[in-house]
Amino acid sequence: MSRHAAFDPARSEAVTGPGQSSRDDRQANCDPTGNPVSLDNARRPIGVVRDVAGGTTIVVFDPERLHECLSDADPAIAMSGQVSSQIKIRVGNTWLLGVVRTLRQATTAEEHGGVVAEVDFMGEGDTERLTGNIYGFRRGVTRYPMPGALAHVATRADLAQIYASDGRPNISIGTVHPTKDIRAGIYIDSFLGKHFALLGSTGTGKSTSASLILHRICELAPQGHIVMIDPHGEYISAFRDRGNLLDVSNLQMPYWLMNFEEHCEVFLTSSGSDRVVDADILARCLQQSRAKNRLAAAIGKITVDSPIPYLLSDLVNILQNEMGKLDKGTGSIPYQRIKTKIEEIRGDPRYQFMFSGMLVADCMTDFLAQVFRLPANGKPISIIDVSGVPSEITSTVVAVLSRLVFDFAVWARDEETRPILLVCEEAHRYVPNERNADGSSVGRVLSRIAKEGRKYGVSLGLITQRPSDLAEGVLSQCGTIIAMRLNNERDQAHVRAAMPEGARGFMDAIPALRNRECVVCGEGVSIPMRVSFDDLDAALRPASDDPSFAAQWSKSGGEDAMIERTLQRWRAQSR
């Protein structure tokens, strides 16, 4: 194939420019950072365009040229022609950038042979007159190449221009693959303004990467407002010095903050037609209980959802009084069911963080200020550890916290905007797809935030190891997707369907990503990119390391005391 006219060295003048000697093409040079670059490989074509479509093109690579590039000192050139590598195609005075999606050996029936590649168009840039490199890169395609156009390697200097910051506020999270020094930045306004998802199988470094991103956001915005739902208590160790740490020992979330739907989830045990009857009774009695507070008198008309403090004892007494008005004894069964459940919760010490008698006062102002970090006072993130919350009401607690974020933003719309970021770890537990849906309110709340939150300054960050179990509508609302290695084919297909068309070349590399590597695409970045995350100091990492069986099973001693301490915490239901 290298003998075809398309690869005649005389044609390279179209790329290097008239007046430049072929001897210069063979000389070694350096890029702006001092890294050696072979101008021979940088300027000689590696393939030719055969077919062009709206978003893709078919390029036939010269195997000899690809082999020559493998030993180049520039890592970007050395990767040329591989899956997820970038190439550039000359179109008039501009360079068109593409990403290799697939490769196959040309059949004997195809002219000239070679390696046939499917390439996705990413964007275009102008040609720098002195070096021939790309500059002024922008998304989208203005002019398409014609069949027969030459394909060239994208050098490290090209990538430095393509991934350079355009001046918008951004955070740096790692380096662009395959380079070691080109920084990978995320534009914070676009990243948060249109939601994001961090996806990756267990053991790929997902929790550490989430901590890295949140730490960089906190460094950029020390007066920010971030709420993170932590279902396993992993992140408390990572934010001891930079966050407000809350768990069942100090959360103190008043029960009266629940709306009617959340009250039903906690207080009603029936199903079917009985649940409809019970819900009607609870609605009437709950509204009467709220109306007894002097705040209700000052406000005037209140609803069953109004966050007005009330006494659980008042709710029980009203249920008892309503039950006493009935003529037939059989009609008292629904009242008795609700009353029994309320008294059971009041007497269960596991629920004290929410249903304590000390939470009757109107402490809503202090609670919101504490959880939403208003003001932040240099600690912009609240880590809410729900691992100690009874499993029966974990979803309800997450629903209350999520809904408070959204409702606060809605009712504060007339004020100066205070954007809030809500980060939800293990998101597939709370926003499941239709197959796993249990009808809980938390899924509806988070779905609403995904669809409407950006209008009110609420950003949603979803972290999950099972994207296929997430509600499709929620994942599709995430403007930026950070995908780490996914081992399950169903998860890969789910993420691929949510990715923009031009990112497919990168998406095909997801099963082959190393730990702490990811593909980032969407609104938060200029173009899709493969990133190696920065290392994070041990003190800033979450407590998510897997135990070493070999190391732990080789040690002995202290088991009796360990069992005693464990039993004490177990019986007290407290850490």
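The values are calculated or read from the model by the stated rules, or taken from the named source; none is laboratory data. Values in this document were obtained by computation on a predicted structure and should not be read as measured data. Cβ coordinates were reconstructed from backbone atoms using ideal geometry, including for glycine residues, and neighbour counts include every protein chain displayed. Note: areas computed on protein heavy atoms with side chains; ligands, DNA, RNA excluded. Shrake-Rupley method; radii C 1.70, N 1.55, O 1.52, S 1.80 Å.
Under unit Cβ charges (Lys, Arg +1; Asp, Glu -1), what dipole magnitude, rounded to 20 debye, does the range 391-538 have relative to its Cα centre?
280 debye
Mean separation of Cα pairs under 8 Å and 6+ residues apart, divided by the residue count of the range 233-319: what relative contact order is that in percent?
Working: 53 pairs, mean separation 26.2, N = 87.
For the range 233-319, the relative contact order is 30 percent.
How much accessible surface area, in Å² rounded to 10, belongs to the heavy atoms of residue 546 with a 1.4 Å probe?
120 Å²
Helix hunt in the chain: which complete DSSP H runs extend at least 27 Å axially by C-alpha with mean Kyte-Doolittle at least -1.0?
272-291
Explain nothing, just the number: dipole magnitude of the range 209-353 about its Cα centre with +1 on each Lys and Arg Cβ and -1 on each Asp and Glu Cβ, in debye rounded to the nearest 20.
Details: 16 positive and 18 negative charges, 94 e Å.
So the magnitude is around 460 debye.
Give, as a single signed number, the net charge of other residues whose beta carbon lies under 11 Å from the beta carbon of residue 200, with Lys and Arg counted +1 and Asp and Glu -1.
Working: positive: 206, 466, 485, 516; negative: 491, 517.
Every neighbour counted, the sum reads +2.
Could you order 294, 496 so the one with the most accessible surface comes first? Probe is 1.4 Å.
294, 496
Given a 1.4 angstrom probe, I'd like the percentage of the accessible area of the range 533-573 that is carbon and sulfur, rounded to a whole number.
Carbon-and-sulfur percentage of accessible area, whole number: 52.
Cut-off under 30 Å on the C-alpha distance; same-chain residues fewer than 8 positions from residue 325 excluded. Which lysines are left, in chain and number order?
292, 301, 339, 341
So what is the orientation-averaged projected area of the range 433-487, using the convex hull of its C-alpha atoms, in nm²?
Details: hull surface 16.8 nm².
Answer in nm², one decimal: 4.2.
Just from its helices, what would the mean residue ellipticity at 222 nm be for the chain, if runs of 4 or more DSSP H residues each count -39500 (n - 2.57) and the sum is divided by every residue, rounded to the nearest 500 deg cm²/dmol?
Working: 22 runs with 195 residues, N = 575.
That comes out to -9500 deg cm²/dmol.
What whole-number distance in Å separates the alpha-carbon centres of the range 388-429 and the range 278-308?
Comparing the Cα centres of the range 388-429 and the range 278-308, I get a distance of 22 Å.
For the chain, give the magnitude of the charge dipole about the Cα centre (Cβ charges: +1 Lys/Arg, -1 Asp/Glu; no others), in debye to the nearest 20. Intermediate results must be reported in sequence, preceding the final value.
Numbers: 64 positive and 70 negative charges, 128 e Å.
Approximately 620 debye in magnitude.
Given a 1.4 Å probe and the protein chains all in place, what does the accessible area of residue 177 round to, in Å² to the nearest 10?
That residue has around 40 Å² of solvent-accessible surface.
How much accessible area per residue does the chain have, in Å², with a 1.4 Å probe?
Values: 26630 Å² over 575 residues.
Counting only protein heavy atoms, the per-residue value for the chain is 46 Å².
Tally up the carbon and sulfur contribution to the accessible surface of the range 338-450 as a whole percent, 1.4 Å probe, everything protein left in place.
Exposed carbon and sulfur together represent 48 percent of the surface.
Select one label from (1) 39.1; (2) 26.5; (3) 34.1: the one whose number is mean projected area of the Cα convex hull in nm² as derived from the coordinates shown.
(3)
How charged is the neighbourhood of residue 464? Take every other residue with its Cβ under 10 Å from the Cβ of residue 464, and add Lys/Arg as +1 and Asp/Glu as -1.
Counting the neighbours of residue 464, the net charge comes to -1.
Could you work out the local net charge near residue 491, counting Lys and Arg as +1, Asp and Glu as -1, over the other residues with Cβ closer than 11 Å to its Cβ?
Counting the neighbours of residue 491, the net charge comes to +2.
For the range 200-264 and the range 338-380, compute the distance between their C-alpha centroids and round to whole Å.
That distance is 17 Å.
Leaving out ligands, DNA and RNA, what percent of the accessible area of the range 159-315 is carbon and sulfur, probe 1.4 Å?
C and S fraction of accessible area: 51 percent.
Between 377, 76, 355, whose Cα lies farthest towards the positive end of the dipole of the chain when Lys and Arg beta carbons carry +1 and Asp and Glu beta carbons carry -1, centred on the Cα centre?
Result: 355.
Heads up, I need the accessible area for residue 506: 1.4 angstrom probe, whole protein in place, Å², nearest 10.
Estimated to the nearest 10 Å², residue 506 gives 10 Å².
Leaving ligands and nucleic acids out of the surface, order 490, 90 by accessible area at 1.4 Å, largest first.
Putting 490, 90 in descending order of accessible area: 490, 90.
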